[in-house]
1. Can you compute the radius of gyration and Dmax for the chain, using only the Cα atoms, both in Å?
2. Could you work out, for region 101-223, what percent of all Cα-Cα pairs fall into each 10 Å distance bin, beginning at 0 Å and stopping at the bin that holds the largest distance?
3. What number comes out for accessible area per residue over region 139-218 if the probe is 1.4 Å? Units Å², please.
4. Using the Cα centre of the chain as origin and beta-carbon charges of +1 (Lys, Arg) and -1 (Asp, Glu), tell me which of ALA159, LEU46, LEU205 is placed farthest towards the positive end of the dipole.
5. Hey, what number do you get for the chain at 222 nm if only DSSP H runs of n ≥ 4 count, each worth -39500 (n - 2.57), divided across all residues, to the nearest 500?
6. Quick one: Karplus J couplings for region 176-185, per residue in order, coefficients 6.51, -1.76, 1.60, θ = phi - 60°, nearest Hz, x for Gly and Pro?
7. Carbon and sulfur: what percent of the chain's accessible surface (1.4 Å probe)?
8. How large are Rg and Dmax for region 165-211 when calculated on the C-alpha trace, in angstrom?
Amino acid sequence: MRAPVNTDAMSMPGDRVHAPMPGAETLAEPMRSRWSPSVFDDRHVLGSDEIVRILHAGQWSPSSGNQQPWAFVVAERGSPSHAALVDHLSRGNSGWVPRAAVVIITATQVAADPADPEGTRVKDPALSYYDLGQAAAHLTLQARSMGLHAHQFGGFDKAAVASDLGVPDHFRVVSGIAIGRLGDPLAVSERDRERDQRERRRRPLQDFVHGVAWGSVWDGIER
């Protein structure tokens, strides 16, 4: 039987804590208790000040050359931007994503702005995606530190959402981050309820950490 996780009193009433697999129990909070639920409380509303705190975490994430190529669209439940996203969700995401209090739609700059060619220059689009990934990670951890949960997803028509929201061509819409409070499992479909009951698993370090050469497991990992 797996021992319960101490979440340092960050769990909210009714929070469902997923005990981590070996290795995760040594992580600091809020990384240790972070997971991606699919059952959100569709009555929960986040205040503007709370959303701003989450956005600040992305603002202060690392950035190559301080280019800060990321951009976010705040799609609060019931807003026009939220409706634009919901219209283009994949079937698998259409049941649970709309229940979250807010969805942060992420994008990153992949080319120079034609209207300002002397402005921010993109030296390497790969680094733009890398920076956006770091900003997204910071957002999710900040949300968790506030007793909230975040679930990142990519299942939606990104070109259609970009068009509906007026995203310029030198940016690429990449993902969505659903943020909110956990809801009642009985209020959602069996499919979404089952998703939240899955055990958290990750590949062992031996599968992806290399040492003296690619394919040679680093000696610091117990074999």
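1. Here Rg and the maximum Cα pair distance are 19.0, 60 Å.
2. Per 10 Å bin, starting at zero, the Cα-Cα P(r) for region 101-223 comes out as 10, 25, 30, 23, 11, 1 percent.
3. Result: 58 Å² of accessible area for each residue.
4. With unit charges placed on the Cβ atoms, the residue in question is LEU205.
5. -7500 deg cm²/dmol
6. x, 10, 7, 10, x, 10, 5, x, 7, x
7. Carbon plus sulfur share of accessible area: 53 percent.
8. Gyration radius and largest Cα-Cα distance of region 165-211: 18.2, 48 Å.
The values are calculated or read from the model by the stated rules, or taken from the named source; none is laboratory data. Just so it is clear, the structure is predicted and the values come from calculations on it, not from any experiment. So basically every Cβ, Gly included, is an ideal-geometry build from the backbone, and we count neighbours across all protein chains shown. Side chains included, ligands, DNA and RNA excluded: accessible areas come from the protein's heavy atoms. Shrake-Rupley method; radii C 1.70, N 1.55, O 1.52, S 1.80 Å.
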